[in-house]
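J.: Sharing a structure, written as structure tokens. Questions coming.
The values are calculated or read from the model by the stated rules, or taken from the named source; none is laboratory data. In this text the structure is predicted, and so the values were computed from the model without any measurement. Methodologically, a virtual Cβ is constructed for each residue, glycine included, from the backbone with ideal geometry; neighbour enumeration extends over all protein chains shown. Protein only, heavy atoms only, side chains kept; ligands, DNA and RNA dropped before computing areas. Shrake-Rupley method; radii C 1.70, N 1.55, O 1.52, S 1.80 Å.
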Amino acid sequence: MRTFAILPVKRFDEAKQRLRTALAPSARRALARAMVHDVLDALDRVRGLDRIIVVTAEQPVLALVAARGDVVVDEAEESGQSAAAALGIEVAKDLGATRVLLVAGDCPALWPREVDAMLARHREPGVVVVPDRHGTGTNALLLSPPDAIAPSFGEGSRRRHLREALEAGITPAVEPLVSLGLDVDTPDDLYALEAALEKIDVRFAGHTRVALADVRRRPVAGRR
């Protein structure tokens with residue numbers, strides 16, 4: 001079995017718009033960049049992964065991924081997370097992947113052991129949905145084979161992915177992984193991530209910790 005992780009990355013200028021009441025544009029860009037770094041670093045430590053594919057139109061990320069030796073897919077026109085994920089799946093299939101793990105780029109608390117354990121639990125063909133902490137979105141999607149269903153991210157994606165699996169004749173599984181549940185879309189998500197980072201090993205999410213420390217040194221609108 002060959003398992004590839006696929007990480008779609010939105011342009012940093014367009015990322016985290018729902019944080020604009022809490023963070024200045026430069027801080028949002030810095031945080032988005034830091035979280036992608038940390039997700040990539042964490043995926044490197046997942047022993048059950050054979051390769052990492054990053055799909056993006058963000059030039060600094062293209063350079064970073066190429067320097068790391070991961071597979072980089074230059075998304076000529078940014079058309080959303082689902083389209084980027086689908087593009088990554090096609091590349092993964094061409095490279096011999098037998099299953100793929102689609103991962104959000106804003107889950108910097110990702111714990112490699114937790115992901116490894118999930119991969120080990122689900123070795124048979126199928127669909128595994130890892131929801132966000134609210135239980136409605138999808139922060140990771142394990143597909144075996146890679147084209148078991150078409151990715152359909154966005155609001156309410158957990159329900160869509162489960163429905164698509166059932167319509168394809170697959171009984172899906174739901175894995176509420178704590179570390180992968182902590183994505184960052186809203187100020188409340190940001191506060192939840194900060195609280196979680198205070199409790200986990202300081203060796204994890206280093207870039208994000210630095211970005212958040214920089215934010216704390218500045219006045220932040222709407223800070224509670």
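J.: Residues LEU49, LEU31, LEU7, LEU43: which one is part of a loop (DSSP other than H, G, I, E, B), under 15 Å from the mean Cα position of the chain (by Cα) and within 23 Å of ARG203 (Cα to Cα)?
T.: On the way: LEU31 fails: part of a loop (DSSP other than H, G, I, E, B); LEU7 fails: part of a loop (DSSP other than H, G, I, E, B); LEU43 fails: part of a loop (DSSP other than H, G, I, E, B).
Every option except LEU49 fails the conditions.
J.: Consider only pairs whose beta carbons are under 7 Å apart and that are at least six residues apart or on different chains; among these, list those whose first residue lies in the stretch 66-92 and is within 18 Å of ALA104 (Cβ to Cβ) and open to solvent by 60 Å² or more (accessible area, probe 1.4 Å) and whose second residue is small (Gly, Ala, Ser) and part of a loop (DSSP other than H, G, I, E, B).
T.: As it stands, the answer is GLU78/ALA57, since those pairs meet every condition given.
J.: I'm checking my understanding of the structure. Among residues of the stretch 110-148 that are among the aliphatic types (A, V, I, L, M) and open to solvent by 10 Å² or more (accessible area, probe 1.4 Å), which one is farthest from ALA42 (Cα to Cα)? Break it down stepwise before answering.
T.: So the first thing to find is which residues in the stretch 110-148 are among the aliphatic types (A, V, I, L, M), and the list is 110, 115, 117-120, 127-130, 140-143, 148.
Next cut, open to solvent by 10 Å² or more (accessible area, probe 1.4 Å) only: 117, 120, 148.
On the way: ALA117: 14, ALA120: 17, ALA148: 25 Å.
Step by step, filter the stretch 110-148, then rank; the result is ALA148.
J.: Does ARG51 qualify as being out of contact with any strand residue (DSSP E or B) (no Cβ under 9 Å at 6 or more places or on another chain) and more than 18 Å from LYS16 (Cβ to Cβ)?
T.: On the way: out of contact with any strand residue (DSSP E or B) (no Cβ under 9 Å at 6 or more places or on another chain): no; more than 18 Å from LYS16 (Cβ to Cβ): yes.
For ARG51, the condition - out of contact with any strand residue (DSSP E or B) (no Cβ under 9 Å at 6 or more places or on another chain) and more than 18 Å from LYS16 (Cβ to Cβ) - is not met.
J.: Take the residues in the stretch 186-200 that are of a type outside the set (Val, Ile, Thr) and surrounded by 15 or more Cβ atoms within 10 Å (Cβ to Cβ), then tell me which one is nearest to GLY137 (Cα to Cα).
T.: Result: ASP189.
J.: State the number of residues belonging to the stretch 152-191 that are out of contact with any helix residue (DSSP H, G or I) (no Cβ under 8 Å at 6 or more places or on another chain) and part of a helix (DSSP H, G or I).
T.: 15
J.: Considering each residue of the stretch 54-65, count those that are without any contact (Cβ under 8 Å) to a residue 40 or more places away in the chain and either aromatic (Phe, Trp, Tyr) or crowded, with 21+ Cβ neighbours inside 10 Å (or both), and give that number.
T.: 1
J.: Look through ARG51, ARG29, ARG47, ARG20 and report the one residue that is free of Cβ contacts under 8 Å to residues at least 40 places away in the same chain, open to solvent by 40 Å² or more (accessible area, probe 1.4 Å) and either within 17 Å of LEU180 (Cα to Cα) or in contact with an Asp or Glu (Cβ under 8 Å, 6 or more places away or on another chain) (or both). Break it down into steps so the answer makes sense when it comes.
T.: Working: ARG51 fails: free of Cβ contacts under 8 Å to residues at least 40 places away in the same chain; ARG47 fails: free of Cβ contacts under 8 Å to residues at least 40 places away in the same chain; ARG20 fails: either within 17 Å of LEU180 (Cα to Cα) or in contact with an Asp or Glu (Cβ under 8 Å, 6 or more places away or on another chain) (or both).
On inspection, the qualifying residue turns out to be ARG29.
J.: Please verify whether PRO219 is modelled with pLDDT under 95, not in a helix (DSSP H, G or I) and not charged (D, E, K, R), treating the condition exactly as stated.
T.: Taking the combined requirement at face value, the residue satisfies it.
J.: Exactly one condition in (1) surrounded by 14 or more Cβ atoms within 10 Å (Cβ to Cβ); (2) in contact (Cβ under 8 Å) with a residue 24 or more places away in the chain is false for SER157; which is it?
T.: Failed condition: (2).
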